[in-house]
Amino acid sequence: MTTIIAELFQSASNGILPIYKHWNTFIPFVVFILWASVTDLKTMKIRNYQNLAFFLVGLTLWIVSIMDLFHTGFTLGIGHFYGAIVGFLLLFIPGMILNTPMGGDIKFVTVMGFWIGPTAILLLLIFSSVIQLLILIGKSIKLKSFSMKNKFPFAPAFSLSFFILLLIFL
């Protein structure tokens, strides 16, 4: 069991650390996740143009990396596309089962999955779910009532999870 967890963390670090180590990847990544988080906090929505811009910058950096024009944090090759698929499915399937509108969140996590890869996005989802659960518990204690109908922006939890994992991996 410990070996599986260690391998999961090692694989996830292969998606996160290269982004941190290349300023030309880290700066746009941080700008986009903070931009999405602030927008999500203010409006409870992540705009399509934000997700599209986030994806296009990532795709451009991936192409530049594949063509070996200069080094970027995109070191997983085709694994970046697997990350997008995993990111999409991790939120799309529960969203469909629960019949919950999460369009912007699903797109955001899909694009984050493209940037950091499949294992890292899976670990990010686990960490962000724990963060969301702690927020729900804290809010319930503060309001002295519990409701699963409370809505919370998801992008800030994902962004915070990225920075927590980055600190763990450093």
Of the conditions (1) under 22 Å from ALA36 (Cβ atoms); (2) at pLDDT below 90; (3) in a helix (DSSP H, G or I), the single one that ILE137 does not satisfy is (1)
Are there any pairs, at least 6 apart or on different chains, whose C-beta atoms fall under 7 Å, with the first in region 4-28 and of a type in the set (D, E, K, R) and the second buried (at least 17 other Cβ atoms within 10 Å of the Cβ) and not in a helix (DSSP H, G or I), and if so, which? LYS21/GLY73
Does SER13 meet the test of being under 15 Å from the mean Cα position of the chain (by Cα), within 17 Å of LEU167 (Cα to Cα) and among the polar types (S, T, N, Q)? yes
Looking at ILE85, ILE126, ILE168, which one is touching a Pro at 6+ places or on another chain (Cβ under 8 Å) and either modelled with pLDDT under 85 or in a helix (DSSP H, G or I) (or both)? ILE85
For region 14-46, give me each residue that is of a type in the set (A, V, I, L, M) and part of a helix (DSSP H, G or I). ILE16, LEU17, ILE19, ILE27, VAL30, VAL31, ILE33, LEU34, ALA36, VAL38, LEU41
Looking at (1) surrounded by 13 or more Cβ atoms within 10 Å (Cβ to Cβ); (2) in a helix (DSSP H, G or I); (3) of a type outside the set (D, E, K, R), which is the one condition that is false for TYR49? (1)
Out of (1) more than 19 Å from SER129 (Cβ to Cβ); (2) of a type in the set (D, E, K, R); (3) at pLDDT 85 or above, the one ASP40 does not meet is (1)
Considering region 29-46 alone, what residues qualify as being touching a residue at least 24 places away in the same chain (Cβ under 8 Å) and open to solvent by 80 Å² or more (accessible area, probe 1.4 Å)? LEU34, LEU41, MET44, LYS45
Filter region 56-78 down to residues that are crowded, with 20+ Cβ neighbours inside 10 Å and assigned to a helix (DSSP H, G or I) and give me whichever is farthest from the chain's Cα centre (by Cα). SER65
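The values are calculated or read from the model by the stated rules, or taken from the named source; none is laboratory data. Predicted, not measured: the structure shown is a model, and the values here were computed from it. Quick reminder, even Gly has a Cβ in these numbers, built from the backbone with ideal geometry, and neighbours come from all protein chains shown. What goes into the accessible areas is simple: the full protein's heavy atoms, side chains included, and nothing from ligands, DNA or RNA. Shrake-Rupley method; radii C 1.70, N 1.55, O 1.52, S 1.80 Å.
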